[in-house]
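Structure, as C-alpha cells:
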Amino acid sequence: MRLTLFLVLLAALILPSYLFPYTHGSEEIVNYEKYGRFVNRGTPNFRYLIKNIKGLRKAIGPGIFPDFDGIKTDSDYIEAEINGKLEGYLWDFTDKKRDYKINFFKWASTPAESLGVKLFYVGYALEKGGFIKEAIRAYYALLIHHPKAVSYTYWHSPIYLGRVMIDRINILTRMNPQLGIKLKGAKISMEKIFDNDVKNDKYTYIDPGKLVKVKPEDVVDKPVSLSAYKVIETRGGKKASVKKYNNGHWQLFVDGDPFFIKGMVYSPNQIGKSPDYGTLVVHKDWQIIDLNNDGMNDVFFQSYVDKNKNDEKDKDEPRVGDAKLMKDMGVNTLRLYHHCFNKKLFRKLHKEYGFHILLGDYLGCYAVGSGANWHQGTDYSDPDQRKSMKKSVSQMVQEYKDEPYVLMWVLGNENNFGHANNAMDQPEPYYEFVNEVARMIHKMDPSRPVAICNGEVLYLDVFAMKCPDVDIFGINSYRGNLGFGESLWKSVKDIVGRPIVITEYGCSAYAAKMKEEEAEIGQMDYHKGNWEDIWYNRGGSGQGNSIGGVVFEWLDEWWKAGTGTDPNIHDTQPQFGLPFLDGWSYEEWLGIASQGDGSGSPHLRQLRKAYYYYKKVWNK
C-alpha cells in the first residue's frame, strides 16, 4: 500500500463523523450570508463571493462545493477506490450504473466539464440514492455558485441548469413536505433561449432566493377555488372551451362542465406488422381489426388480461377489451389523427365509455398531407403545399365537427423538430401557417378550441408571436421522473398566456441490466412524478395553466426500433438518450401494458404497475 493511501486511511479513522458523505453538514440549511456576500442580486450580474471558505465547507458537508475533497478521507470512498469501483468513463456514473453512492463518489472526486455540471450530478446521485435533503443542498449550491451553468441533451439542445435547479428543488420539497424546507424568491429570467443557440442567450434577472425552514403543512401552497374569481377570457365555444380567470389561471370545460384531460395515446398495433415494410397502416389497422369476423373490434372489445403472465389465455381470464380496461383506469380522452378514422367505432366509444377525442392533423409533419416526399420534406413557404395541407384540415373539420366525441382540434406532431419538414430551419413560416389554419378552423367550427402539438418549448417565443389564434399550447415533453417544472408552466404562462395540455409524456418499461419488475416500478415512478406535476399546476393550484395530460402510450409497439429491425422481436437496443431509467429510450417499451411474448397479439394484455397507479389516482 502506498504511503499516501495509508495516510488517507489513517485520517479517515480520526476525522470527525460529519465528513461521512451522507450525513448532514454542520447546518441543515446553509446560511450563505454568514460565509460570503451576495452581489447584484436580481440582476444579470449576480455573484456570490465567499468570505469564509473553511466555515462554508464545514456547513455544506463533504462532496458538495466547496468541499469536494472532504469525501476522499471517508472509509467507504477509500474502499471503493481500492476495489476499482471508481474506475471508468465518468458519464457511465449517472443512470447506467445504479449504485448511486458510487456515482456520488465518482462525480464528487473527478474533474468534470464544469463545476455546474459536476454539482448537478453530485446532487442527482444523492437524489436517486434517497438522500433528498442532501440533494437539495447540492442543487442549491449550484444555484448559488453557478446559476448560468449549461449542459446539453442527447440532441445537443441546451439545458439551463440554474433554471432546472429551481424546478428540482421546488418539486423535491413539494414531494417531501416532511422535510419542512421551502425555496422562496428564486428566479432566473432569460431571453432568446428557445432557439437552441446559446450564443444569443441573454440573462435579465438572477436571484437564487433562499431556502427557509417552514412547517410541513406550509411547504405546499393550498389550492384555491376558481369560483371566487371572475372569468376574463374564453376561447372555444359551446362544445368545449377554455376559460381564463382574473388570477391568471385556466380551466377546460366540456358541454358546460369542468373537465381535466386524463388522456391516452392509443395505437395497439399487431405484432409482426410494420409500416416500414408496408404491412401496417398505423392509424387504420387496429380500428378495423376483426380476426374472428364477429363484428366486434378485437382490441377495443376482445382483449384480455394475462394475470399470471404465462402468455396464455386461461379460463379465469375473460375477454374484457381495452375500452373497459381504460375506462376502469380513468381514461376520459384518446389522442388520434383523422387520416384514418372509424367514425362509427368512436361514436360507440363515446356513448358507452365516455371517451373524448383530441383529433389531429399532421399538418405536413412526416410530409403527410403536403404533397412533398419524405426526403424533400414539407416546405411551409410553398403555396401549393400549404393549399394541400389546408385542404386536409378542412376535410377533417367538415367531416367531424358535428361528432360529439371531438374535444378539440390538434395541429401537427412536433413539427418544430423538423420531421420531414423545414419547420426547424424556418420556424416563422411554419407558425404563421399554423395560425392561418387555426383561423380557418374557428370559422368552420366555432364550438371548440384549437391546439398545437409542439415538440418541447423549441421556438416558444415564435409561437407566441405568430399564433394568437391557437387557443391551447400542446407539448410533447419527456423531462424526467420529477415532471416538467416551473420553467415550463411559468414560461408558457408568461410568454404565451394560454393553457397547456401535455400531449405526450411517458417512459420506457425496460432498462439494461434491470429486472422486469424493477423496470416497471421505475416506469410507474416516472409517471407518478409527471402526473403529480400536471395535476399540481391545474387551475386553482401552482401556475394554474394545466388542463391535463396524455400518456404515451397504451401498448408496446414492436416495430418502432427503426427501419431494418424485425417487428416480430421486442427490441432492447436503445434508440436515443432521454432521462428514462438508464438514460436511454427503448421505443418498443413505452406501453403501460405489454403484449407479453407476442404470441397472444393483438388480444393479450399484461398490465404494468403504471396502469394500477393511474387506476388509483384517476378515479379519485
Counting only residues that are of a type outside the set (S, T, N, Q), outside any loop (DSSP other than H, G, I, E, B) and in contact with a helix residue (DSSP H, G or I) (Cβ under 8 Å, 6 or more places away or on another chain), how many does segment 400-446 have? 16
If you check K390 against the conditions, is it surrounded by fewer than 21 Cβ atoms within 10 Å (Cβ to Cβ), in contact (Cβ under 8 Å) with a residue 40 or more places away in the chain and of a type in the set (K, R)? yes
Residues of segment 488-527 satisfying the condition of being among the small types (G, A, S), surrounded by 20 or more Cβ atoms within 10 Å (Cβ to Cβ) and touching a Lys or Arg at 6+ places or on another chain (Cβ under 8 Å): A509
Condition check: closer than 27 Å to D167 by Cβ and surrounded by fewer than 18 Cβ atoms within 10 Å (Cβ to Cβ). Does W91 satisfy that? yes
Tally time: how many residues in segment 23-70 are surrounded by fewer than 16 Cβ atoms within 10 Å (Cβ to Cβ), in contact with a Leu (Cβ under 8 Å, 6 or more places away or on another chain) and not hydrophobic (A, V, I, L, M, F, W, C)? 1
What pairs can you find where one residue is in segment 309-321 and free of Cβ contacts under 8 Å to residues at least 40 places away in the same chain, the other is among the polar types (S, T, N, Q) and exposed (fewer than 14 other Cβ atoms within 10 Å of the Cβ), and their Cβ atoms are less than 6 Å apart, with a gap of 6+ or different chains? none
Residue by residue through segment 275-319, note down the ones that are outside any loop (DSSP other than H, G, I, E, B), of a type in the set (D, E, K, R) and surrounded by 16 or more Cβ atoms within 10 Å (Cβ to Cβ). D285, D298
Selection from segment 567-605 of residues that are in a helix (DSSP H, G or I) and within 19 Å of V550 (Cβ to Cβ): E587, W589
Output yes when any residue across segment 428-442 is in contact with a Pro (Cβ under 8 Å, 6 or more places away or on another chain) and either among the hydroxyl-bearing types (S, T, Y) or closer than 14 Å to D471 by Cβ (or both), and no when none is. yes
Please go through (1) buried (at least 21 other Cβ atoms within 10 Å of the Cβ); (2) under 30 Å from D597 (Cα atoms); (3) in contact with a strand residue (DSSP E or B) (Cβ under 7 Å, 6 or more places away or on another chain) for N476 and return the number of the only condition it doesn't satisfy. (1)
Kindly indicate whether L555 is in contact with a Pro (Cβ under 6 Å, 6 or more places away or on another chain), buried (at least 20 other Cβ atoms within 10 Å of the Cβ) and over 30 Å from V219 (Cα atoms). yes
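Of all residues in segment 100-118, count the ones that are farther than 16 Å from E134 by Cα and either at pLDDT 90 or above or among the aromatic types (F, W, Y) (or both).
7
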Yes/no for K344 being free of Cβ contacts under 8 Å to residues at least 60 places away in the same chain, among the basic types (K, R) and surrounded by fewer than 14 Cβ atoms within 10 Å (Cβ to Cβ): yes
Is one or more of the residues making up segment 26-37 modelled with pLDDT under 95, among the hydroxyl-bearing types (S, T, Y), more than 21 Å from A149 (Cβ to Cβ) and assigned to a loop (DSSP other than H, G, I, E, B)? yes
What are the residue pairs meeting all of these: first residue in segment 212-224, first residue closer than 9 Å to P177 by Cα and free of Cβ contacts under 8 Å to residues at least 40 places away in the same chain, second residue basic (K, R) and surrounded by 13 or more Cβ atoms within 10 Å (Cβ to Cβ), Cβ atoms under 9 Å, and 6 or more apart or on different chains? D218/K182
List pairs: first in segment 41-65 and over 13 Å from I144 (Cα atoms), second charged (D, E, K, R) and buried (at least 19 other Cβ atoms within 10 Å of the Cβ), Cβ under 6 Å, 6+ apart or cross-chain? R57/D67
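When the residues of segment 320-372 are narrowed to those that are part of a strand (DSSP E or B) and within 21 Å of the chain's Cα centre (by Cα), which ends up modelled with the lowest pLDDT?
L336
The values are calculated or read from the model by the stated rules, or taken from the named source; none is laboratory data. Remember, it's a predicted structure, so these values are computed and weren't measured experimentally. Cβ: placed from backbone, ideal geometry, glycine included. Neighbour counts: every protein chain shown.
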